[in-house]
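Scroll down for the structure; my scribbles are underneath it.
Where a number appears in this text, it was derived from the coordinates with a stated rule and is not lab data. Please read these numbers as outputs of a predicted model, since none were measured by experiment. When we count neighbours, we look across all protein chains shown, and the Cβ atoms used for this are built from the backbone with ideal geometry, even at glycine.
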Amino acid sequence: MERGYWIRSKPVYSALVWQQQANAHLVLVEGSAGGLAAMKLFQQMLPQQSITVIYEIEAGDADYTSALKKVVPDDLQVLSSHDAAMKALEAYLPKALMGLRIYVAGSEKFMWDIAQVVQQYGVEDADIAKELTGTLARSVYCVHCKAITHNAHTNIQVCAGCGKNLFVRDHFSRRLGAYMGLMVDAEDPGQIPEIEEIYP
Amino acid sequence: MSHINVKVAAIEQVTALIKHFTFVREDGQAFPVFSGGSHVVVSMNINGRIQRNAYSLMGNPEETESYHISVRRQEKSRGGSVHMHDVLKVGDSLQITYPVNLFALEKRAHKHLLIAGGIGITPFMSQIKDLERNKANYELHYAYRAPEHGAFSKEIKANIGNKLVTYVQSEGGELNLRALLSKQPLGTHVYVCGPGPMVVAMIEAARSLGWPENHIHSEQFTAPPTGEAFKVKLTKTKIEVTVPPEMSMLEAMEAAGVDAPYLCRGGACGRCELEVICTDGNLLHHDNYLSDAEKAAGKKIMPCVSRAKCDLLEVVL
């Protein structure tokens, strides 16, 4: 990380806080760390309006379901896969009303998958509260073949589409939910800098 | 600022207090098309004093032969609407500005909720033409005091049918803003134009229900209030202008030959903002543009509607 250097498109995430002025609340969390983020949210003063929690937790991960059951007052939906969680979101949205506050905690992929779904209902990503938990893994958009490679943990990532070695930039696309990736050895073929895990 | 010279082609008494004016261009050319919600500023000569008032265009935005405005007679004001009602005749000449839109429809909205109070119906008259043409999902909620004040409600009903909901106060009709706003689908944008308290009530209700700020749209033109006379010193022009009680600061500067910037003349757009150097009294802010913090700081003033209670106000112009 270079000091004093910042790309404005790189999203900044912060801890979830209830918005007391609302019509209803929808909380979506992913994995162990997301479950804990939801528990943290329920430590705060609960808002008056109805609260729905969609919890995506895969088998084998430390599971906060039993703890969440004790604190979620209205509607807790526990799903064991990402597809099932997205389906639960799609089932919820058609009857949702203006004033719905949306809170998301999980990986960047989880957050921006949700942003793309709710955007179809006229909700802007800026109006979604987002907390990054669990991992810094990035989705990388290849500017050469336009494929998106998920779960990049290193400064250089092999493109799942064309196999090029991509340098993972901080420049982020909200529409694609991915960081820009450029061929790192275009000028000196085969000259690949040291590969380091910087997005654990 | 460029103007269009127009002639009054027709005047129609719509209600006891509202007149509808049709303008055509003096040069016979076509008017520019505009977007729903636009307004023009009409210049009128009231006994040698030039007054400029902003009025929403209420015709079809695609019709270029004529422009239409409606004016509600305001007895307790500085005479612009009374001049339009009592003095202006068919065939008279006027100057208007090109249309400006400070109340545009958000094209990405999944639904448009339009809320009008009284004469606040006018910007929606052009917007519903745009919405109908684009086959957009919308509703128009129109509240007024009594049946005889419901300008255009028959005409609108004939055009848009049950997308119009009216609330007639004298018949017990009450527009419950909170109830209306609490049942809108995701992706709705709300627009309000009407009396000040109604605009404030709508914004408060939407905020308290958690609507994002950029889904809340309002338009409120303020007529410049009268007040006590004061002097303005313009530091760049190096002149002093006296603002008489019945003139706005902007009008007084214009009367003195100063080419001051302006757009809406109703405290809405912020174009006429001036930097305040100092004053020996207090600024009286009447605009809807500056934030409360900026008003309290006293470093800026909107001369179209705001004035000062002082002997001398120094501004950069």
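Sorting A:71-80, B:98-107 by average packing, meaning the other beta carbons within 10 Å per residue, from highest down gives B:98-107, A:71-80. Taking all Cα pairs closer than 8 Å and separated by 6 or more residues, the relative contact order of chain A comes to 19 percent.
Is there a simple number for the mean count of other chain Cβ atoms within 10 Å of the Cβ of residues in B:211-219, and what is it? Spell out each step's value before the answer.
On the way: counts 7, 7, 1, 3, 6, 0, 0, 0, 0.
What the average comes to for B:211-219 is 3.
Rounded to the nearest 0.05, what FRET efficiency do A:Thr154 and A:Lys40 have when you use their Cβ-Cβ distance and R0 = 35 Å? Once rounded, the FRET efficiency stands at 0.75. Summing Lys and Arg as +1 and Asp and Glu as -1 over all other residues whose Cβ lies under 11 Å from the Cβ of B:Leu164 gives a net charge of +1. Just name one of B:Leu180, A:Gly161, B:Val87: the one whose Cα is farthest towards the positive end of the charge dipole of the protein assembly as shown (beta-carbon charges, Lys/Arg +1, Asp/Glu -1). It is B:Val87.
Checking the cross-link filter: which lysines have an alpha carbon closer than 20 Å to that of A:Lys109, excluding same-chain neighbours under 8 positions apart? Of all the lysines, those that pass the test against A:Lys109 - Cα under 20 Å, at least 8 places apart if same chain - are A:Lys10, A:Lys87, A:Lys130, A:Lys146.
Charged side chains reduced to their Cβ positions (Lys and Arg at +1, Asp and Glu at -1) give the protein assembly as shown a dipole of some 1040 debye around its Cα centre. Extents of chain B, largest first, come to 58, 49, 36 Å (Cα atoms, principal axes, whole angstrom). Distances between every pair of Cα atoms in the range A:24-132, grouped in 5 Å steps from 0 to the bin holding the largest one, split as 2, 12, 27, 27, 20, 10, 2, 0 percent.
How much net charge surrounds A:Val168 when only the other residues with a Cβ under 13 Å from the Cβ of A:Val168 are counted, with Lys and Arg +1 and Asp and Glu -1? Walk me through the numbers on the way to the answer.
Values: positive: A:Lys10, A:Arg138, A:Lys164, A:Arg169; negative: A:Glu108, A:Asp170, A:Glu196, A:Glu197.
That works out to 0.
For the pair B:Glu106 and B:Asn282, label points projected 7 Å from Cα toward Cβ lie 3.6 nm apart. The value of relative contact order for chain B, using C-alpha pairs under 8 Å at least six residues apart, is 15 percent. Here each label is just a point 7 Å from Cα along the line to Cβ, and for B:Val200 and B:Ser170 those points are 2.7 nm apart.
Between beta-carbons, use under 11 Å as the cut-off and find the net charge around A:Trp112, counting Lys and Arg +1, Asp and Glu -1. For residues surrounding A:Trp112, the net value is +2. For the peptides B:129-135, B:214-220, the ranking by packing is B:214-220, B:129-135, with the highest mean count of neighbouring Cβ atoms within 10 Å listed first.
If the chain linking A:Gln116 and A:Asp170 were pulled fully straight, counting 0.36 nm for each residue of separation and taking away their Cα-Cα distance, it would gain 17.4 nm.
Is there a simple number for the mean count of other chain Cβ atoms within 10 Å of the Cβ of residues in A:117-127, and what is it? Spell out each step's value before the answer.
Numbers: counts 0, 2, 2, 3, 4, 11, 5, 5, 0, 2, 6.
So the per-residue partner count for this stretch is 4.
Against the empirical curve 2.2 N^0.38 Å, the C-alpha radius of gyration of the protein assembly as shown lands at a ratio of 1.22.
Simple spin-label model, 7 Å along Cα-to-Cβ: A:Asp185 to A:Lys69 in nm? Taking the two extended label points, one gets 5.3 nm. May I ask which of B:Lys135/B:Lys157; A:Lys40/A:Lys70; A:Lys40/A:Lys95; B:Lys76/B:Lys299; B:Lys163/B:Lys183; A:Lys40/A:Lys69 have a Cα-Cα span longer than 25 Å here? Check vs 25 Å cut-off fails for A:Lys40/A:Lys95; B:Lys76/B:Lys299.
Relative to the dominant Cα principal axis of chain A, helix A:108-119 is inclined by about 60°.
Reducing the range A:1-28 and the range A:137-200 to their Cα centroids gives an inter-centroid distance of 24 Å.
Semi-axes, largest first, in whole Å: what does sqrt of 5 times each Cα gyration tensor eigenvalue give for the range A:138-183? If you can, show how the numbers build up before the last one.
Values: eigenvalues 37, 24, 16 Å².
Taking √(5λ) for each Cα gyration eigenvalue gives 14, 11, 9 Å.
Each of the peptides B:189-200, B:14-25 was scored by the mean count of other Cβ atoms within 10 Å over its residues; in descending order, highest first, they stand as B:189-200, B:14-25. For B:Glu155 and B:Ala255, the FRET efficiency from 1/(1 + (r/R0)^6), where r spans their Cβ atoms and R0 equals 30 Å, is about 0.15.
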